[in-house]
Amino acid sequence: MTSVPLQPPVPAHIAIIMDGNGRWAKQRGLPRLEGHRRGVESVRTVVDAARELGVRCVTLYAFSVENWRRPGEEVGGLMALLETFLHRETPNMVRDRVCLRTIGRTEELPSGARAALKAAMAATAHFTDYTLVLALNYGSRTEVQDAARAYAAAVLAGRASLDDAASWEGFSRHLYTHDLPDPDLVIRTSGEKRISNFLLLQSAYAEFVFTPVLWPDFGKAELIAAIDEFRGRERRFGQITEQLAAANAEAEAQRPADVII
Ligand code: IPE
Ligand code: IPE
Ligand code: MG
């Protein structure tokens, strides 16, 4: 009797730094905004593919706190694209039972984008199967600042104690991501090998995949390749290989008999 080796699972939460829209457009002699438009098509493809592959949560870095430094025309174009995306995709998210969430200082976004977000989130808030998180006006440093402020306010109001911050569970309750799992896999497209202020704390034990593919060219095949790379990695969380092997053997022993051949 031989047993099938346990397949490492697909990541429960994939976070993506969608980069390279501008270069994609430049290579074709097109305006940068055309690259962003094509980038939105990749968003639709990749979010659908992730759901089909059983990924429960996807976080997309859509606009960083630093992106306000771009030319006003590009920032305006990105905000308009966000609105169009939300209006167009909300019925599909409802059909596919996807809950839309945001992380970041969304209160600083233009009113049109805020209204579209509010409507999309209200329409999908009750879904629990899948979660799509848009990081908008997001930066890890502002997230820590906001968490510190929220924690201090809770202490002052008597809703939290000073000791709460002694544990990560106690402090992380005040992060934007308090009710989200940490990402298992972080993907960055376009060949850049940096984090650009994205989920610095939450990706403490994530696996990273950097691909040279520009975001508008990133599709289902590229997502599967990244997941395959993830599945080939050994996540040790500070332990040693032998300890993981023992835990896997235990999990295998507890598997139902019908999967033993
Ligand atoms: C990513 O593509 C999209 C956003 C940051 C909003 P870029 O616009 O950064 O593309 P490149 O890096 O200039 O190619
Ligand atoms: C990171 O990409 C932000 C988003 C993908 C939204 P950038 O293109 O802004 O990152 P840097 O400035 O090159 O590091
Ligand atoms: Mg970029």
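The values are calculated or read from the model by the stated rules, or taken from the named source; none is laboratory data. As the structure is a prediction and not an experimental result, all values here were calculated from the model. Methodologically, a virtual Cβ is constructed for each residue, glycine included, from the backbone with ideal geometry; neighbour enumeration extends over all protein chains shown. SASA here: full protein model, heavy atoms, side chains in, ligands and nucleic acids out. Shrake-Rupley method; radii C 1.70, N 1.55, O 1.52, S 1.80 Å.
Count of region 158-173 residues, restricted to those that are under 28 Å from Ile195 (Cβ atoms) and either loosely packed, with under 13 Cβ neighbours inside 10 Å or touching a Gly at 6+ places or on another chain (Cβ under 8 Å) (or both), is 5. The residues on offer are Gly139, Gly76, and the sole one that is touching an Asp or Glu at 6+ places or on another chain (Cβ under 9 Å) and open to solvent by less than 60 Å² (accessible area, probe 1.4 Å) is Gly139.
Considering the conditions (1) open to solvent by 20 Å² or more (accessible area, probe 1.4 Å); (2) farther than 22 Å from Gly39 by Cβ, Pro91 is excluded by exactly one of them, (2).
Only residues that are in a loop (DSSP other than H, G, I, E, B), of a type outside the set (A, V, I, L, M, F, W, C) and within 16 Å of ligand 2 (Cβ to nearest atom) were counted in region 176-201, giving 10.
For region 28-47, which residues satisfy the criterion of being free of Cβ contacts under 8 Å to residues at least 40 places away in the same chain and either within 15 Å of the chain's Cα centre (by Cα) or assigned to a helix (DSSP H, G or I) (or both)? Across region 28-47, the qualifying residue is only Glu34. Can you say whether Val58 is over 18 Å from Gly191 (Cα atoms), modelled with pLDDT of 95 or more, within 16 Å of ligand 3 (Cβ to nearest atom) and surrounded by 18 or more Cβ atoms within 10 Å (Cβ to Cβ), as far as the supplied structure shows? No; evaluated as a whole, the condition is false for this residue. Here the condition is being modelled with pLDDT under 95 and either out of contact with any Lys or Arg (no Cβ under 9 Å at 6 or more places or on another chain) or within 16 Å of ligand 2 (Cβ to nearest atom) (or both); of Ala226, Ala165, Ala204, it holds for Ala165 alone. Yes or no: Thr177 closer than 29 Å to Gly238 by Cα, within 15 Å of the chain's Cα centre (by Cα) and not acidic (Asp, Glu)? Considered against the rule, which asks whether it is closer than 29 Å to Gly238 by Cα, within 15 Å of the chain's Cα centre (by Cα) and not acidic (Asp, Glu), Thr177 comes out as yes.
Against the criterion of being within 15 Å of ligand 1 (Cβ to nearest atom), under 14 Å from the mean Cα position of the chain (by Cα), among the polar types (S, T, N, Q) and at pLDDT 95 or above, Thr84 does not qualify. With respect to the conditions (1) open to solvent by 30 Å² or more (accessible area, probe 1.4 Å); (2) modelled with pLDDT of 95 or more; (3) within 24 Å of Ile227 (Cα to Cα), Ile14 falls short on a single one, namely (1). Being among the β-branched types (Val, Ile, Thr), open to solvent by 40 Å² or more (accessible area, probe 1.4 Å) and on the phi < 0 side of the Ramachandran plot is the requirement here; does Val155 meet it? Yes: the conditions hold for Val155.
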